[in-house]
Amino acid sequence: MSRRELREHIFKMLFRKEFHNQEELNEQIQFYFDELEEPATKDVEYLTKKFNNIMEHIEEIDAIIEQASEGWKLNRMGRVDLTLMRVATYEIFFDEEVPTGVAINEAVEISKKYAEDNSPSFINGVLAKVAESFDKNGASVSNEAN
């Protein structure tokens with residue numbers, strides 16, 4: 001699978017979180033994999049690892065998004081928008097393999113397929129603030145080390 005296809009699958013897996021409790025979610029993820037046409041083992045491993053990593057940091061990710069989306073509470077955001085921003089925020093803060101610009105662009109592009117017409121600009125604006133926050137935090141950490 002391409003990186004974008006993998007991101008779309010992560011998005012779809014994470015979207016299920018909105019409708020299932022933790023116990024059901026594990027079963028739903030297995031159902032999701034069962035629905036895929038013969039996924040490569042490496043893809044299933046990648047998806048499982050990334051999904052679990054996002055879930056491990058979900059509270060921190062949500063706090064970052066809420067802080068960046070001035071005036072918006074998470075429960076007022078569209079579920080698709082929030083889920084895409086969660087994936088991108090995880091990539092910006094916790095996945096060193098994904099450049100910040102790529103994480104933002106991919107979220108915006110995927111939103112054009114799954115979200116409302118005004119979602120790409122909303123997602124882009126919030127993620128730009130998320131990235132700005134990351135840059136400031138990264139800079140302050142590296143300055144303190146010197």
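The values are calculated or read from the model by the stated rules, or taken from the named source; none is laboratory data. Computed from a predicted model, the values in this text were never measured in an experiment. Heads up, the Cβs are rebuilt from the backbone with ideal geometry, glycines too, and the neighbour counts pull from every protein chain shown.
Listing for the model above:
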quantity	calculated
Among the candidates 98, 87, residue that is in a loop (DSSP other than H, G, I, E, B), among the aliphatic types (A, V, I, L, M) and either closer than 15 Å to residue 5 by Cβ or free of Cβ contacts under 8 Å to residues at least 40 places away in the same chain (or both)	98
Close pairs from segment 1-28: first within 17 Å of residue 85 (Cα to Cα) and among the hydroxyl-bearing types (Ser, Thr, Tyr), partner in a helix (DSSP H, G or I) and at pLDDT 90 or above, Cβ under 9 Å, at least 6 apart	none
Which listed residue is touching a helix residue (DSSP H, G or I) at 6+ places or on another chain (Cβ under 8 Å) and either more than 26 Å from residue 120 (Cα to Cα) or assigned to a loop (DSSP other than H, G, I, E, B) (or both), from 1, 13, 55	1
Top-ranked residue of segment 114-124 - restricted to ones that are assigned to a helix (DSSP H, G or I) and over 20 Å from residue 47 (Cα atoms), ranked as farthest from the chain's Cα centre (by Cα)	121
Failed item, numbered, when residue 45 is tested on (1) part of a helix (DSSP H, G or I); (2) surrounded by 15 or more Cβ atoms within 10 Å (Cβ to Cβ); (3) modelled with pLDDT of 85 or more	(2)
Residues (more than 14 Å from the chain's Cα centre (by Cα) and within 20 Å of residue 111 (Cβ to Cβ)) located in segment 33-70	68, 69, 70
